[in-house]
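Each remark here refers to the structure printed beneath this line.
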Amino acid sequence: MVGGAVVVAGAALVLVLDVEVEVEVEVEVEAEAEVAGVTGAAVDPIPPIGVRSPISEWRGVAPAQAPRTSAARAGRARTVDRRRGEGGSGTVVERRRAGVLAPAPPPSSGPDAVNPVLHWRAVAPRTYVIRTFGCQMNEHDSERIAGVLEADGFVPADDPDGADVVVLNTCCIRENADNKLYGHLGHLRAAKQRRPDMQIAVAGCLAQKDRERILAKAPGVDVVFGTHNVGRAASLLREAARGGAVVEILEEAALEEGELFPSVLPVRRELGHAAWVTIQIGCDNSCAFCIVPAVRGTERSKPFGEVVGEVEVVAAGGVTEVTLLGQNVNSYGRDLATALRAAGRPVDDEVRIAGTAWAHDGARRPRPLFADLLRAVGAVEGIRRVRYTSPHPKDLRPETVEAMATTPAVCEHLHLPLQAGSDRVLAAMHRGYTAARYLERLADARDAIGDLAVTTDLIVGFPGETEADFEDTLGVVAEAAYDSAYTFVYSPRPGTEAAARVDEFVDPEEVADRFARLKVAVDRSALARHRARVGRDEEVVVEGPSRRDPAVLTGRTRQNKLAHFPPPTGPTLRAGTYATVRVTGAGAHHLTGRLVSVDARPTHRTRIPVLTD
Ligand code: SF4
């Protein structure tokens with residue numbers, strides 16, 4: 001087929017293909033999933049103090065079930081693989097269709113033609129639930145998927161087991177996430193046998209990587225879409241209902257600039273007062289253990305003016321805290337130098353790409369720095385707190401530290417992933433710094449920023465790690481005096497350099513022993529850091545009732561620690577309230593205290609409920 005294809009995805013209008021060639025291939029879909037056969041080393045993150053939980057979440061609240069026609073899967077499958085034809089860039093937009101679902105769609109042509117979209121909506125609101133695996137980037141993508149679905153007429157389900165649509169937003173960084181995904185798909189398959197009109201969608205990194213393999217392992221899945229097309233969630237569900245299971249994976253290079261960042265899509269936020277803002281996608285590094293560059297692509301920075309504009313919009317809606325998101329945030333803007341050169345210096349373009357201050361600075365640098373972005377976002381009216389995650393230690397520039405120290409809204413918290421404390425292991429990981437260099441930069445940050453909390457990521461059992469290497473890690477942990485850490489057992493990810501080093505895999509019993517010792521060291525450090533805060537008054541922003549004890553409220557301090565305290569008598573404090581709490585006790589993972597004063601009430605209206613396993 002030759003011609004253009006225009007896709008309307010939520011609020012985004014996207015030109016996907018200029019020229020299409022359609023190729024049809026016959027494939028067999030295996031009758032049985034291998035869901036129960038997934039194996040591998042478990043990864044067991046220690047919940048870090050105060051860092052927002054990476055634990056998967058069910059989202060939803062909602063009205064009645066929507067009636068839908070039953071579906072049946074045919075035994076044979078058809079695969080459609082559409083590619084750019086001659087004259088295209090060669091970039092693949094992969095779309096595969098397998099299986100045939102049977103809800104008889106309304107006729108879309110002829111005398112009885114009915115617009116299938118309107119028909120769908122006219123029946124009743126359909127309910128959805130999203131389960132998120134992995135990092136904050138995935139949590140943010142889930143908020144966008146929820147926003148896209150709701151913009152299309154879906155409503156959240158109050159009973160996750162009864163939802164019409166279940167979206168699993170996956171992560172492939174840790175092997176445990178694969179296990180969780182296929183375990184859930186096994187359960188969902190049983191649910192789908194009871195309710196064949198239910199739809200299952202798999203999104204995220206694992207979908208981007210495994211593509212149609214997901215359908216082969218879990219035949220009940222209706223839609224697989226990747227990290228670059230979350231805005232297509234609702235459209236793909238409709239397509240699947242009409243014609244059978246769909247796999248649509250977009251490669252990064254196929255995207256127009258406007259749809260690179262999920263922030264352009266509608267959003268449904270978990271906390272009304274706090275917002276994620278994606279400033280960058282992809283990663284140009286090549287850490288030997290990491291699959292992210294393969295599934296998220298190369299680094300692309302969101303234009304400066306668009307980041308600041310997005311923060312202004314959410315601030316106008318009552319958001320007071322923003323977290324800037326990226327795989328390597330402090331290299332923000334590296335690619336913008338190219339865009340600025342291409343812009344040819346019209347000042348409007350420069351302001352959009354690099355910000356007003358940069359465009360009007362006579363002695364400007366070749367590109368805006370992350371530090372410039374911190375200052376600009378911190379200056380937005382209504383924003384009281386700015387956070388970011390994650391920076392790379394090799395890219396932690398003095399300008400960033402200075403911006404943190406001199407911008408009042410930027411919180412006193414630095415998440416600086418160490419990964420390992422042995423120079424030999426760091427080199428094998430291709431991390432680009434030594435332990436001494438890391439500690440030097442950390443010391444500089446602590447000197448410049450008063451009351452700085454520092455958290456990190458650590459991997460135990462990287463291929464070839466010796467006992468001496470591990471003791472080096474313990475040494476750095478002691479010297480760095482972390483407030484908390486995500487600790488992981490090394491888990492080989494197929495396609496990464498480290499996964500091929502099978503001969504050097506560390507004995508699992510040895511790894512388990514090191515992991516336990518590391519946890520003791522981290523907890524000891526965290527407890528000491530927290531006990532030092534007892535007696536201090538801390539600003540917290542209320543997040544709601546504690547998940548463990550609904551009788552107490554939980555707030556988050558500027559250092560990103562959770563503080564639990566009894567609510568005041570009378571009306572409780574709404575999420576988003578700023579208050580002062582006197583710290584009276586400390587644990588390795590939290591603070592406890594009592595309310596001293598209420599300092600500012602929230603201006604947003606709703607808090608999005610989240611159901612947790
Ligand atoms: Fe992965 Fe390394 Fe990039 Fe982080 S910096 S996303 S660990 S490749």
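The values are calculated or read from the model by the stated rules, or taken from the named source; none is laboratory data. All values reported here derive from a predicted model rather than from experimental measurement. Ideal geometry is used to build each Cβ from the backbone, glycine not excepted, and the neighbour counts take in all protein chains shown. Note: areas computed on protein heavy atoms with side chains; ligands, DNA, RNA excluded. Shrake-Rupley method; radii C 1.70, N 1.55, O 1.52, S 1.80 Å.
The one condition from (1) open to solvent by less than 30 Å² (accessible area, probe 1.4 Å); (2) part of a strand (DSSP E or B) that His530 does not meet is (2). Among what's in the stretch 545-586 and is among the aliphatic types (A, V, I, L, M) and touching a residue at least 60 places away in the same chain (Cβ under 8 Å), pick the residue that is nearest to Val319 (Cα to Cα). Residue satisfying both the conditions and the ranking: Ala575.
Of the set (1) open to solvent by less than 10 Å² (accessible area, probe 1.4 Å); (2) closer than 25 Å to Asp284 by Cα; (3) not β-branched (Val, Ile, Thr), all apply to Arg385 but (2). Quick check on the stretch 487-496. Is at least one of its residues of a type outside the set (Gly, Ala, Ser), farther than 19 Å from Ala586 by Cβ and assigned to a helix (DSSP H, G or I)? Scanning the stretch 487-496 turns up no residue that is of a type outside the set (Gly, Ala, Ser), farther than 19 Å from Ala586 by Cβ and assigned to a helix (DSSP H, G or I). Pairs meeting the criteria (first residue in the stretch 212-234 and farther than 17 Å from Lys180 by Cα, second residue basic (Lys, Arg) and crowded, with 24+ Cβ neighbours inside 10 Å, beta carbons under 8 Å, at least 6 apart or on different chains) are Phe225/Arg232; Val230/Arg144; Gly231/Arg144. Looking at Ala379, Ala405, just one residue is more than 22 Å from the chain's Cα centre (by Cα), more than 19 Å from Ile279 (Cα to Cα) and not basic (Lys, Arg), and that residue is Ala405. Among the residues of the stretch 450-463, those identified as part of a loop (DSSP other than H, G, I, E, B) and away from the ligand (no atom under 13 Å from the Cβ) are Gly450, Asp451, Leu452, Gly461, Pro463. A single member of Ala337, Ala342, Ala354, Ala379 is free of Cβ contacts under 8 Å to residues at least 60 places away in the same chain and crowded, with 20+ Cβ neighbours inside 10 Å, and it is Ala354.
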